[in-house]
1. If you go through the range 93-128 one residue at a time, how many are farther than 21 Å from Asn70 by Cβ and either at pLDDT below 85 or not in a loop (DSSP other than H, G, I, E, B) (or both)?
2. Restricting to the range 50-86, name every residue that is among the hydroxyl-bearing types (Ser, Thr, Tyr), without any contact (Cβ under 8 Å) to a residue 24 or more places away in the chain and not in a helix (DSSP H, G or I).
3. Under the condition of being of a type in the set (Ser, Thr, Tyr) and surrounded by 15 or more Cβ atoms within 10 Å (Cβ to Cβ), which residue from the range 50-69 is nearest to Val16 (Cα to Cα)?
4. Tell me whether the range 46-54 contains one or more residues that are among the polar types (S, T, N, Q), touching a strand residue (DSSP E or B) at 6+ places or on another chain (Cβ under 8 Å) and at pLDDT 75 or above.
Amino acid sequence: FSEPGKVFLGQDRLEVGTAMESPFSNSSLPAQGNGSVWTQAEVHISAKTLERMLSFLSSKDGVPLYLELNQRLSIELDFKIHCWKVHKWFRKDCGLMLASLLTTLSAASSPTGPLACANSWEALEVPGLT
């Protein structure tokens with residue numbers, strides 16, 4: 001199974017919870033196609049955290065959401081004669097923009113921007129809302 005990764009909000013990456021693969025979700029990424037990886041997040045936003053986030057919640061650019069992904073991938077290659085299994089850890093720093101209250105009310109953009117991932121926070125470039 002995977003390990004929980006931290007979830008952060010805002011440019012200064014204020015820690016608000018954890019996220020990890022949903023147990024028994026049977027997520028699948030088929031060869032030459034698209035698939036889904038199901039996750040669950042547990043986020044706690046206290047009054048103090050909300051107070052710190054007020055400027056972001058009213059921003060026209062949205063609020064950055066950051067995630068640490070710590071997924072254990074299982075790869076199966078079936079050659080009819082023999083099935084070969086490999087397990088590999090996938091650890092990435094990821095982020096996306098969430099629409100703020102201001103941008104949600106204006107309906108000028110989608111509620112989230114595209115997800116981007118990198119090998120480090122320093123290398124991560126989070127795309128804006130589309």
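The values are calculated or read from the model by the stated rules, or taken from the named source; none is laboratory data. Not measured: the values here are computed from a predicted model. When we count neighbours, we look across all protein chains shown, and the Cβ atoms used for this are built from the backbone with ideal geometry, even at glycine.
1. Residues that pass the stated criteria total 16.
2. Ser74
3. Once the filter is applied, the top-ranked residue is Tyr66.
4. yes
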